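Visitor: Starting off with a structure, shown below.
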Amino acid sequence: MKSFYSSYQTSPAGINTTAALYGIDCAHPERAQVLELGCGKGFHLIRQASMYPQSTFVGIDLDPDKIAQGQQRISECGVDNVFLYSLGLADLLSIDPGKFDYIIIHEIYSLLDEGTRESLLSYCEQHLTPCGIIAVKWNTLPGAQVADTLREAIALHGNTARSEEEKISAAKAMLAYMDMAHTDGDLKRLITEALTLSDAELAVRYVYNKNDACYFSEFNQHVEKSRLCYAGDISAQFEMAAHYGEDIELVHKTAAGAFNKIASQQYLDFAVNRQIRFSLLTSNNHRDEIRQDPVFDNIDRLHWAGNYQRRIEANTFYNRQGESLSSDNDLLCRILDIIGDCWPLSVSTAQIIQNTFQPEEIEGQEVHTQQVVATLKALFLKNVSGLYVSLNLSPYNQATSGNLRLIEKVTESRWAGNNHIELLNGWGESALLTYDEFRYILSGLSISTQYEYNLAHELVSKGLLTGSDIAWLRLYQQSMSLKDIDIARRRVSSLMLFSNSIRNGGFKKDHVSDKKHLQKKSDDVDLRALGKMKSLYVCGNVKEAHALLEQLIEKYPDSITLLSDAASIYQQMSHFDDALKCHTLGLSRNSTDFDFYSGLAQCLSKKSDLFYPKKVAQNLVRKYPEKAEAWDVLGVIYNDVRNSLKYEICARKAVEFNANNATFLIKLGNVLSERNKMREAREHLKKGVQLSESTNSYFPGYSNMLFVLLHDHLCAQDEMFYEHQMYGQKLTQWAKNIKLKKSPHVAVKERSRLRVGFVSGDFRNHPVSNFIYPVLGSIDKSRFDIIGYNASPNNDNHTLMYEALATRWHEIQSLSHTELAKLIIEDEIDILIDLSGHTAYNRLPVFGLKPAPVQMSWVGYPGTTGIKEMDYYIIDANFASPGVLDGQFTEKLAYLPVAKKFEPSQFSGAINPLPALTNGYITFGSFNRPQKLTGAVLDCWGKILVNLPKAKLLLASMSDQEMMCHFTEELEKRGVQKDQIITRLKTGFVDYLTMHNEVDVLLDTFPYSGGTTVCHAYGMGVPTLACAGNNIVARQSAALMVHLGLHDFIANSEDEYIEKAITFDKQYEYLNTVRLTMPDRLREIEQRVERPSWYFEQLLEKAWQQHEQGLPPESIVLPEL
């Protein structure tokens, strides 16, 4: 069992806290009379005396040398409320020192004979105040018998020694021998402890004294004789059977559950082989107040402290001693976070409840409070090392010094010949103060460099600094002023705690004269120049605005107003590092500014930080529960990590508190679409688009709405086409107001190569990449120049791959539409190709400005752009015969035969035989986005599975448990048995591909059919049953099956779709052949042309010839080889 008692637990504050759990109300540590017997050098008493100047501390020890050292320390520290004396026990018992609230007896009790023990206890009882308490440490049987082994071994080796010096020498030699012989266990622990004892202590404990241990029941008899009563242990956990595990708890409850306190504890000592107790005793007058077991009915009064620092990737926390605590319990981790963020201060239970509450959770505040209390009880029960629990605010919390200072006075004389000295922090932990740290403290503790930051926060970690809430706030503000992103993410939670009021769960007290830490936004800056800069930006002159912004920042580096505007602009330009520097510097000037925290969270999230942004955003929502912008920030962060359930909750809250904000409405519409709530999604998107018409977010919002329309099976094709046309008309109207100077286009014959520009937000690890890479990677560079315009802010290795393919490459994230159009004109692009359509990061408004003679849209979006300035839409020739789909496009269709449709993943594994051959039943699957699973699709799947009661359906890509339950219930409503349905959450890419080994046939969705999922599936040998519709979005999977020559997998109606699926259950050998021959099928198709780009090159040249001849765009049909 664990027998270690921390210095804090043996202090008046620790004893006071534990006594309260047993129902005893002791004197407040701030105003207490304390007597400690066996105090050693008294350093702990000196530390407590400096923290509680209104209390009096008296320390007694037998060793005069130790007392002398303690008195020297008292003189150095300048404390006048602690007194140390070297006295023998007989001398002590003969004097009257007065009454004490706390009497603490260390190891000396077990060194005394029975009569002297009783005398000592009686003496203590006589000198207790009415509410006084005694804490006495003693060796306990049965566990303490191990000490007899060590004592007997020392006696054996010293049996020939005569003088005291010889006996001590022999004892040390035996200890050294046994230390090498034993590697662990209780005896090893005792040996290690004995090696640290002074000669006098070693003699008393192991050479001359029997050091009698006794059983708990015997100890209690001595207590009763002294007119005292037993209360509990200073570590209450050690008296709780649950502390030792479920087995001990169950056995103890069965064997001793009906016994009184004393008998029950004696049983527990036998069960855990207890060696040491540190018992709490009080006057008989309090007997009726003492509880049988510690009770947590006052947990709301407790305060918690500990230096816990999280290693995020492993959910592991480390304390100052390097000990670790790992847990998958998210609430426990949040609790340890808040405790660590405010170290060395303590945090109340109420603050923990407030700061760990996740406002987006549906559980509610009451349930959360219950869960926090239960978790804190469990944490207390474990007696976690480095966790300190107090009934009162810690002295750290009550410090009033306007500047941080050392917790203990240290004079220059203590450094003689030393590079470091040992100090005790306010929680009794030993810490080494280096001379560099000491000199840094004397210099004023300011932070302007990384080195000073490291010194300051090492002192914080050691718990050696104390000061007022303003002093701590200043420390974290100065940390932010370094503009270091890593420092910002790790310290922002602490900054928020010391910036938030006590009412909001923080530490900020009301200060009348605290204006300098909260600078106003209307500060020193040239407002005319600032207005000009913002006007330039809004009008699309981003480069010019950026140049002026840099000049202003250089001239007014401390302007809050400028920092706020600069951060916003940098963020919109996707210059997240620059934005973060502005946000952190802004927080160093004004640590309560909502916009700086909001921007910090969003920028960190865009940099793929999965932890800190949510903490900041949740804090904002807790502080501003009815502020729509706070909910929006939290929603954006959940969207970045693809948690659509939480995103929906936050987006709904944002709209609830600001129902006419276009941006919030569009975001809500998007997430509702993701969660298959199409009718509601369209309503919010339509309203949002209408409200945003005069803003820069109008066209992106309109694109979002059009993309959602493609998923709505209730939206007729005519309505869909009309909405796309309306977008195009709005774009044309906008473009007419843009003055764009166009130079005469240079004839291609003068350049020898056709110059083709590609504009995309998907030059990254994105499904579009798999479709375009086979073509761009093989294009003939002697005939074509490739110019890349990358609109995505999320670059990765794929981006570098495309950049390497390009003749010229541009990062265009920060360019306005007008500036990008000018750049395209300057690049003299012949054919400009859009690869995004109405998807994320698209730059379709640029195409409305017609910066290139020929403009095309390809692959990124399964439908028309609606833009009349877009000349062609490149369509896979397998979608339909010419003329079938042309009426659904404002562009002319360019039919592209495809040799290599898709670049398979490097993680695609070997194709396994058909699972049905082993299972004896067919397994269908769907890996499509949940928003594609319409009611009509579920109806068909229900009929298929009802007709095939042994068949299974694997539904993957589910966002959360709620979504899994929803689709399971929907299928059950349609007669499907629950054991036929297999649901899986979204997973990593390799696991996603591996799941194909469980599936025989994919069932596609409609009207929005699969594209990427179908390609990944056939790469793993799995064909897809498609239901071909009447537009391009409904024919993607069918076109892919045509490409593969698998016409048996194409249905032209829902009834045929159901019939084919049922028939496949009788065609296992055929399906197995299709599966295993898939690689050969793909290889044969690819080898029909010399390279994948061959048809694409023909199409480009044909379109350009049409232009050069002065003819309008016409549909392009290429003969297929």
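Visitor: Tell me which residues, restricted to the stretch 439-458, are more than 18 Å from residue 401 (Cα to Cα) and touching a strand residue (DSSP E or B) at 6+ places or on another chain (Cβ under 9 Å).
Guide: 455, 458 - these are the residues of the stretch 439-458 that are more than 18 Å from residue 401 (Cα to Cα) and touching a strand residue (DSSP E or B) at 6+ places or on another chain (Cβ under 9 Å).
Visitor: If you check residue 389 against the conditions, is it within 33 Å of the chain's Cα centre (by Cα) and either closer than 30 Å to residue 236 by Cα or not assigned by TED's automatic domain parsing to the domain that holds residue 602 (or both)?
Guide: In short, yes.
This table checks each residue for (1) assigned by TED's automatic domain parsing to the domain that holds residue 51; (2) assigned to a helix (DSSP H, G or I); (3) in contact (Cβ under 8 Å) with a residue 40 or more places away in the chain.
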{"residue": "423", "(1), (2), (3)": "no, no, yes"}
{"residue": "427", "(1), (2), (3)": "no, no, yes"}
{"residue": "438", "(1), (2), (3)": "no, yes, no"}
{"residue": "452", "(1), (2), (3)": "no, yes, no"}
{"residue": "461", "(1), (2), (3)": "no, yes, yes"}
{"residue": "478", "(1), (2), (3)": "no, yes, yes"}
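Visitor: Still on this structure, please answer the following. Out of the residues in the stretch 1059-1078 that are of a type outside the set (Phe, Trp, Tyr), over 45 Å from the mean Cα position of the chain (by Cα) and under 19 Å from residue 949 (Cα atoms), state the one that is surrounded by the fewest Cβ atoms within 10 Å (Cβ to Cβ).
Guide: 1066
Visitor: Follow-up question, since we're still on this one. Take residue 77 and tell me if it is under 21 Å from residue 24 (Cβ atoms), assigned by TED's automatic domain parsing to the domain that holds residue 220 and either under 52 Å from the mean Cα position of the chain (by Cα) or not polar (S, T, N, Q) (or both).
Guide: Considered against the rule, which asks whether it is under 21 Å from residue 24 (Cβ atoms), assigned by TED's automatic domain parsing to the domain that holds residue 220 and either under 52 Å from the mean Cα position of the chain (by Cα) or not polar (S, T, N, Q) (or both), residue 77 comes out as no.
Residue by residue, here is whether (1) in contact with a Gly (Cβ under 7 Å, 6 or more places away or on another chain); (2) surrounded by fewer than 20 Cβ atoms within 10 Å (Cβ to Cβ); (3) not aliphatic (A, V, I, L, M) holds:
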{"position": "758", "(1), (2), (3)": "yes, no, yes"}
{"position": "778", "(1), (2), (3)": "no, yes, yes"}
{"position": "797", "(1), (2), (3)": "no, yes, yes"}
{"position": "801", "(1), (2), (3)": "no, yes, no"}
{"position": "809", "(1), (2), (3)": "yes, yes, yes"}
{"position": "837", "(1), (2), (3)": "yes, no, yes"}
{"position": "857", "(1), (2), (3)": "yes, no, yes"}
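Visitor: Only residues that are more than 18 Å from residue 548 (Cα to Cα) and surrounded by fewer than 22 Cβ atoms within 10 Å (Cβ to Cβ): list them for the stretch 575-588, please.
Guide: 576, 577
Every residue, every condition in (1) part of a helix (DSSP H, G or I); (2) within 21 Å of residue 998 (Cα to Cα), yes or no:
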residue	(1), (2)
895	no, no
903	no, no
917	yes, yes
931	yes, no
946	yes, yes
957	no, yes
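Visitor: Quickly run through the stretch 269-294 and pick out the residues that are in a loop (DSSP other than H, G, I, E, B) and in contact with a Leu (Cβ under 6 Å, 6 or more places away or on another chain).
Guide: If the condition is that a residue be in a loop (DSSP other than H, G, I, E, B) and in contact with a Leu (Cβ under 6 Å, 6 or more places away or on another chain), then 294 is the only one that fits.
Visitor: Would you confirm whether any residue within the stretch 528-535 is within 34 Å of the chain's Cα centre (by Cα), at pLDDT below 90 and among the polar types (S, T, N, Q)?
Guide: Among the residues of the stretch 528-535, not one is within 34 Å of the chain's Cα centre (by Cα), at pLDDT below 90 and among the polar types (S, T, N, Q), which makes the answer no.
Visitor: Do we find a residue being of a type in the set (Gly, Ala, Ser), at positive phi, buried (at least 18 other Cβ atoms within 10 Å of the Cβ) and touching an Asp or Glu at 6+ places or on another chain (Cβ under 6 Å) anywhere in the stretch 3-26?
Guide: Among the residues of the stretch 3-26, at least one is of a type in the set (Gly, Ala, Ser), at positive phi, buried (at least 18 other Cβ atoms within 10 Å of the Cβ) and touching an Asp or Glu at 6+ places or on another chain (Cβ under 6 Å), which makes the answer yes.
Visitor: In the stretch 649-669, what residues are surrounded by fewer than 24 Cβ atoms within 10 Å (Cβ to Cβ) and over 15 Å from residue 621 (Cα atoms)?
Guide: Result: 659, 660, 661, 662, 663.
Visitor: Could you list, in sequence order, the residues of the stretch 232-269 that are under 17 Å from residue 295 (Cβ atoms), without any contact (Cβ under 8 Å) to a residue 60 or more places away in the chain and not charged (D, E, K, R)?
Guide: Listed by number, the residues that qualify are 241, 257, 260, 264, 265.
Visitor: Given (1) aliphatic (A, V, I, L, M); (2) in contact with a Gly (Cβ under 8 Å, 6 or more places away or on another chain); (3) modelled with pLDDT under 95, identify the lone condition not met by residue 141.
Guide: (2)
Visitor: Could you check how many residues of the stretch 295-336 are outside any strand (DSSP E or B) and either at pLDDT below 90 or out of contact with any Asp or Glu (no Cβ under 9 Å at 6 or more places or on another chain) (or both)?
Guide: Here the count works out to 28.
Visitor: Could you tell me whether any residue of the stretch 340-360 is surrounded by fewer than 14 Cβ atoms within 10 Å (Cβ to Cβ) and not charged (D, E, K, R)?
Guide: No, the stretch 340-360 has no match at all.
Visitor: Which of the helices (runs of 4 or more DSSP H) found entirely inside the stretch 88-201 contain at least 3 residues meeting this: among the acidic types (Asp, Glu)?
Guide: 114-126, 164-181
Visitor: Is it true that some residue in the stretch 630-638 is surrounded by fewer than 19 Cβ atoms within 10 Å (Cβ to Cβ) and either in contact with a Phe, Trp or Tyr (Cβ under 6 Å, 6 or more places away or on another chain) or within 21 Å of residue 565 (Cβ to Cβ) (or both)?
Guide: No, the stretch 630-638 has no match at all.
Visitor: Say we look at the stretch 1096-1113 and pick out the residues that are of a type in the set (D, E, K, R) and under 54 Å from the mean Cα position of the chain (by Cα); which of these is surrounded by the most Cβ atoms within 10 Å (Cβ to Cβ)?
Guide: In this case the residue turns out to be 1097.
Visitor: Same structure again: Output the qualifying pairs, or none if there are none: Cβ atoms under 6 angstrom, residues six or more apart or on different chains, first residue in the stretch 1089-1106 and under 14 Å from residue 858 (Cβ atoms) and of a type in the set (A, V, I, L, M, F, W, C), second residue assigned to a helix (DSSP H, G or I) and at pLDDT below 95.
Guide: If the second residue must be assigned to a helix (DSSP H, G or I) and at pLDDT below 95, the pairs left are 1096/775.
Visitor: Restricting attention to the stretch 926-941, does a residue exist that is surrounded by fewer than 20 Cβ atoms within 10 Å (Cβ to Cβ), in contact (Cβ under 8 Å) with a residue 24 or more places away in the chain, over 37 Å from the mean Cα position of the chain (by Cα) and assigned by TED's automatic domain parsing to the domain that holds residue 964?
Guide: Checked against the condition, which is being surrounded by fewer than 20 Cβ atoms within 10 Å (Cβ to Cβ), in contact (Cβ under 8 Å) with a residue 24 or more places away in the chain, over 37 Å from the mean Cα position of the chain (by Cα) and assigned by TED's automatic domain parsing to the domain that holds residue 964, the stretch 926-941 yields at least one hit.
Visitor: Of the conditions (1) in contact (Cβ under 8 Å) with a residue 12 or more places away in the chain; (2) surrounded by fewer than 20 Cβ atoms within 10 Å (Cβ to Cβ); (3) among the acidic types (Asp, Glu), residue 554 fails just one. Which one is it?
Guide: All conditions pass for residue 554, except number (1).
Visitor: So is residue 868 outside any helix (DSSP H, G or I) and either aromatic (Phe, Trp, Tyr) or crowded, with 22+ Cβ neighbours inside 10 Å (or both) or not?
Guide: Judged against the criteria, residue 868 is not a match.
Visitor: So residue 244 passes all but one of these: (1) out of contact with any His (no Cβ under 6 Å at 6 or more places or on another chain); (2) within 28 Å of residue 398 (Cβ to Cβ). Which condition number does it fail?
Guide: (2)
The values are calculated or read from the model by the stated rules, or taken from the named source; none is laboratory data. Every value quoted in this text rests on a predicted model; they were computed, and no experiment measured them. All Cβ positions, glycine included, derive from the backbone under ideal geometry; neighbour counts span all protein chains shown.
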